[in-house]
Amino acid sequence: MNMQDKAYEDRQRLWALEERRNRQDLTEIFKMHRVFSTVLLQELFVLDTNSKGTRVHSCKLVKTR
């Protein structure tokens, strides 16, 4: 499906508001991780230092309670 051929209103109807917010949240986290944002990732999140549980992935976030 080619999104460029669709009108703005049609593109917006494809995603629910919650899905658009989730997508924007993920985009902002990516920007924080790549230091494209003024907010540092460590200010809001804790990175997992346990390499055993992340399958050698160094960017896993820890869910704090």
Which one of GLN12, GLN42, GLN24 has the biggest mean-square fluctuation once the chain is modelled by GNM with Cα springs under 10 Å? GLN12
Arrange the following residues from fewest to most other Cβ atoms within 10 Å of their Cβ: THR27, THR64. THR64, THR27
Relative contact order for segment 9-62 using alpha-carbon pairs under 8 Å, separation at least 6, rounded to a whole percent? 20 percent
Could you pull the Cα extents of the chain along its three principal axes, largest to smallest, in whole Å? 45, 28, 24
Computed, not fitted: 222 nm per-residue ellipticity of the chain from DSSP H runs ≥ 4 (each -39500 (n - 2.57)), nearest 500, equal to -12500 deg cm²/dmol
For the chain, take the longest principal axis of its alpha carbons; what is the angle in degrees between that and the long axis of helix 17-33, to the nearest 10 within 0 to 90? 40 degrees
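We did not get these values from a lab; they are worked out from the coordinates using the rules stated. Fair warning: this is a prediction, and the values are worked out from it, not measured in the lab. Virtual Cβ from ideal backbone geometry, glycine too; neighbours counted across all protein chains shown.
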